[in-house]
1. Here are some residues: F265, F189, F212, F259. Which one is among the aromatic types (F, W, Y), closer than 24 Å to L370 by Cα and buried (at least 19 other Cβ atoms within 10 Å of the Cβ)?
2. Can you confirm whether S293 is crowded, with 20+ Cβ neighbours inside 10 Å and part of a helix (DSSP H, G or I)?
3. Quick check, is S713 at pLDDT 85 or above and farther than 30 Å from G583 by Cα?
4. I need the full set of residues from region 651-669 which are assigned to a helix (DSSP H, G or I) and either touching a helix residue (DSSP H, G or I) at 6+ places or on another chain (Cβ under 9 Å) or surrounded by 14 or more Cβ atoms within 10 Å (Cβ to Cβ) (or both), in order please.
5. Residue check, Q562 against (1) closer than 30 Å to L533 by Cα; (2) under 36 Å from the mean Cα position of the chain (by Cα), all met but one. Which one?
6. Return the pairs, sorted by first residue and then second, in which the second residue is at pLDDT 80 or above, the first residue lies in region 510-537 and is outside any helix (DSSP H, G or I), the beta carbons are less than 9 Å apart, and the residues are 6+ apart or on different chains.
7. Does region 556-563 contain at least one residue that is modelled with pLDDT of 80 or more and not in a strand (DSSP E or B)?
8. Read through the list (1) touching a residue at least 60 places away in the same chain (Cβ under 8 Å); (2) under 33 Å from the mean Cα position of the chain (by Cα); (3) under 30 Å from Q209 (Cβ atoms), then give the number of the only condition that L225 fails.
Amino acid sequence: MSLQKRILFFLLFLPLFLVVLPNFSFAEATPSTENIAPEQVDSVLAKLSDEQVRELLITELSKNMANGSASQGKGSLVKQAVAWLHVLEDKKTGKHTAGFFASIGQLPADLISTMRTVGDGSIGGFLLVIVLLCLIFSLASLLEFFVRRLTADFRKQFQEKAIPDLDGPMRFVAGLMRSIPALIHILVFSTATVLFYFLLPFKDQAPAQYLFLTILIPLIFFRSLTQVSRIICAPELPRLRIIPADDTTAKAIHRGVVFICSYTFAAVFVIAMFKELQLGRNSLTLIVIALTSILIALILSGIMRSRTAIKDRILRQSEIHQTRNWIVEQFAQFWHMPTMLYFIIIWLIMVSDQLAGVHRQNAAFLMSLLVLPLFVIFDAVGQWVVRASINSLRLTTPLPEDNADEELEKGHAESLERERKIIVTSGRLVRLSILASLLVWVLSLWGYDIPYATEITGAIFESLVTMALGLTAWRFASSYIERKILEDTPQKEEEKKDNDDEFGSAVQMGRSYTLLPMIRKFIATTLLVMVTLIILSSFGVDIGPLLAGAGVIGLAIGFGAQKMVSDVFSGFFYLLDDAFRVGEYIKGGSVSGAVEAITLRNVMLRHHRGMLQIVPHSELGSITNFMRGGIVVKFNLEFPYDSDVDKIRKVIKKVGQAMLKDEEFGEDFIRPVKSAGVREITGSVMVIRVKFTAHPGTQFVIRREAYKRITESLATQGIHYAHRKVIVELPEDQSKPLTDEMKRILEAGAAAELAQQEEDKKQQGDGQKSGGTGMPGM
């Protein structure tokens, strides 16, 4: 078998022992004196001999030790002494150890005597019960066969060729749907069997009921476990297989898990049935020892068959983590020996308890068998916790994709090596801690209590579970937030689109991109504080003073840092009201710019000239957001005063309709480019206003394109823009030609007039800017 088979074998082996009679005891309970009243103690003791008093004392000590009365750490040796005293001198039966083994020959007679209790008290009655039980099971199977005929069409839908490629969760759902008919068959079979049983004449006899349930319940468990294994392993349908294994491995895992778990479950019910049927103590002990010996033999056989696969796995992992050395090689070569020795020791202790009649309430043998699967599970969880914790610290900064610096690459490689060593060392410490904790737990099951070890073990496991749950919650929340942020992040093509030069090249993001990073920081801080407090509490640290101290510190910070609190709360309400988002161009107070980042206290504004402005939230005041709704853009075109206004208006309208149909610009319009008529006539110039409404951030590109297209269209119609000039009128009776000096005077006057006009225009534009929108380029 491969390593995957062995690991999954132990992982699926775990749930069985967690649900099967955790308080079941394989040995008979020692006699109890709880029904004796205090005033009757003297009279009862007076009637007992010295040997009987001694036996009663031994019995009570044994029961008290098994029930946990040795919790003070001194009862383990006394308990074992009492147990072996039972073996060496059993006053109740008058048999010694040699006599116990000599009673093996009595087992057939005890079994026959027990069989006689089923039915009418004879072997014939027992055989009649067996025949009738076989009959009702056969009738129930026949009824199930007809039900299978009805569900045949549904099962055909889950043939290999009819199943598409599915991911992990959908494979589980499909496997569960595939098992619905089988679960219905099990339900029909179980219900029919119970109904048929109530028709039998011996239905009210307790021994017959015990026998019936001992057959029915393990059979139902076997069939149910088979369906669960088919969902996980899918030995016949690789497209529905959840585990990463080939067909051969999946089939082997399916068969091995179902067989081992079903055998153990059935063995427990067989032992319980014989105990209820009052089988002799020695015979019951022999059956228990025989069944558990077979179980141990199966486990040892599995270990021997998987030793090579696990050896290769250990060596392969050590090569991946670059930790292979002589110690690792020796451990990989001989790992199965200490493992097998552990199970043999557990079996020997169980046999000694059975021979001594020691009563244990915690099912120590069954729980001890869980050490190996528990170690595999906790070690996997622990290693994942270590990797996730160290990776979340971001000890190594990723290199940019276009990096060409060899020194930077060398430093990055060294950083990765340090991180790897930290992960390997931390993983080894966690693995040793888990192994030591499991061993302490096993010793406590058998009554060997080590001072403070139990508390430390509980604290380690509680801390590991807490960290695993915390990291799982963090990974789930962080992955969801990352996914939502990526959904709101524009593609590179959109980022490169030349539409925001005058807005500071800001890319407008969605609200999720603005809120989710802050929510992620809040979740991380909350989880870190909670996990830290729980771990401290699990190790016995009183966190009450810590919480009280944190409250006092928070109150002091609230009074001493009112400005900071004001900034935080102002930012919170800005975000709650969705006043602005990352990438939007806003104006708050005396500053304006594109929102580049938002923190708890500040907002980072990138000015359209390139400066980064860090503004506290409380100083923003009222916000003007230029990115919500439409942007109305107006610009002037100057023509000679005698130009044809209607012809110019038609040209501008055609340009607007053409741009509206253009694939590049059409989606950015809210209202098309059109003429707003003559605004004014000054001197020899007629000013015509053009306007349009566009989506925020696109108006600059549209305006540039409108200028270009309008100019080209007007030129084709023979219409040109007005030139700045000054007309000087001379007297009509001017008979003398102009001298050069007079021409220079006239040119100087015209230049002065043009300069004055430019100054007036500039002042008019500055006034509009100071009292207008405040947007760049508007």
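The values are calculated or read from the model by the stated rules, or taken from the named source; none is laboratory data. In this text, all values refer to a predicted model and were calculated from it rather than measured experimentally. With ideal geometry, Cβ positions are generated from the backbone for all residues, glycine too; neighbour counts draw on all protein chains shown. Please note that ligands, DNA and RNA were not included when accessible areas were found on the heavy atoms of the full protein model with its side chains. Shrake-Rupley method; radii C 1.70, N 1.55, O 1.52, S 1.80 Å.
1. Just a single option satisfies the conditions, and that option is F265.
2. no
3. So S713 passes the test.
4. Hits for region 651-669 are V651, I652, K653, K654, V655, G656, A658, M659, L660, G666, D668.
5. (2)
6. G510/R581; G510/V582
7. no
8. Going through (1) touching a residue at least 60 places away in the same chain (Cβ under 8 Å); (2) under 33 Å from the mean Cα position of the chain (by Cα); (3) under 30 Å from Q209 (Cβ atoms) one by one, L225 breaks only (1).
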